[in-house]
1. What is the one condition in (1) surrounded by fewer than 17 Cβ atoms within 10 Å (Cβ to Cβ); (2) closer than 10 Å to residue 136 by Cα; (3) in contact with a Ser or Thr (Cβ under 6 Å, 6 or more places away or on another chain) that residue 52 does not satisfy?
2. For the structure I just gave you, tell me whether residue 22 is modelled with pLDDT of 95 or more and loosely packed, with under 13 Cβ neighbours inside 10 Å.
3. Given the conditions (1) modelled with pLDDT of 95 or more; (2) of a type outside the set (Phe, Trp, Tyr); (3) within 20 Å of residue 106 (Cα to Cα), which single one is not true for residue 33?
4. In the range 94-143, which strands (runs of 3 or more DSSP E) lie fully inside it and hold 1 or more residues that are modelled with pLDDT of 90 or more and among the basic types (Lys, Arg)?
5. I'm trying to understand the selection: among the residues of the range 62-72, which are of a type outside the set (A, V, I, L, M), crowded, with 17+ Cβ neighbours inside 10 Å and modelled with pLDDT of 90 or more?
6. Considering only residues that are closer than 15 Å to residue 65 by Cβ and not charged (D, E, K, R), which ones fall in the range 37-54?
7. Within the bounds of the range 73-85, is there any residue that is at pLDDT below 95, in contact with a Gly (Cβ under 8 Å, 6 or more places away or on another chain) and over 30 Å from residue 44 (Cβ atoms)?
8. So residue 59 passes all but one of these: (1) surrounded by 18 or more Cβ atoms within 10 Å (Cβ to Cβ); (2) modelled with pLDDT of 85 or more; (3) in contact with a Phe, Trp or Tyr (Cβ under 8 Å, 6 or more places away or on another chain). Which condition number does it fail?
Amino acid sequence: MRRRRTVLLAATIALFALACGKSIARIPIGPLGESGETELDLPAGTKLLFALHEEGYSYESGGGVVIDAKFLKNGKKVGTFTCTPFLFKSGGGGGCGSTTAYNSECETTVPKQGADTIRVHVHSMADSPTVQMKGIEVDVRQL
């Protein structure tokens, strides 16, 4: 019975790891409003997950954070992707926090031309000037 539980637990962990994808690149950004890029060969139709990680954040009265990504092939833009992985609720004042885990993510598919570079810009939403983040990194995972 104990061996059966161990095998079941190992299978569950393996399935969870597959669902989260394999990390293929980490793009350091720094503070909110900065950009970064990485070069990697991405065939057309590859499914990707962009996971946003930060060392700390603060905000007042709600708002959000946006990832703008460009897919490049031989230096030319072949596609774009935008998502809002962080939304902060407004309400009783502001908030602050810290995290050490990838805590918000968005999925996309590589354009039909494929790509050799991903360039990302992470910024606050237009209506969120009070959001601050530091130590931002985007983890690109292949699903």
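The values are calculated or read from the model by the stated rules, or taken from the named source; none is laboratory data. Just so it is clear, the structure is predicted and the values come from calculations on it, not from any experiment. Every residue, glycine as well, gets a Cβ built from its backbone with ideal geometry; the counts of neighbours run over all protein chains shown.
1. (1)
2. Numbers: modelled with pLDDT of 95 or more: no; loosely packed, with under 13 Cβ neighbours inside 10 Å: yes.
Against the criterion (modelled with pLDDT of 95 or more and loosely packed, with under 13 Cβ neighbours inside 10 Å), residue 22 does not qualify.
3. Going through the list (1) modelled with pLDDT of 95 or more; (2) of a type outside the set (Phe, Trp, Tyr); (3) within 20 Å of residue 106 (Cα to Cα), residue 33 breaks only (1).
4. Answer list for the range 94-143: 115-124, 136-142.
5. Listed by number, the residues that qualify are 70, 71.
6. To start, the set of residues in the range 37-54 that are closer than 15 Å to residue 65 by Cβ comprises 50-54.
Within the range 37-54, 50, 51, 52, 53 meet the criteria.
7. No, the range 73-85 contains no residue that is at pLDDT below 95, in contact with a Gly (Cβ under 8 Å, 6 or more places away or on another chain) and over 30 Å from residue 44 (Cβ atoms).
8. Going through the list (1) surrounded by 18 or more Cβ atoms within 10 Å (Cβ to Cβ); (2) modelled with pLDDT of 85 or more; (3) in contact with a Phe, Trp or Tyr (Cβ under 8 Å, 6 or more places away or on another chain), residue 59 breaks only (2).
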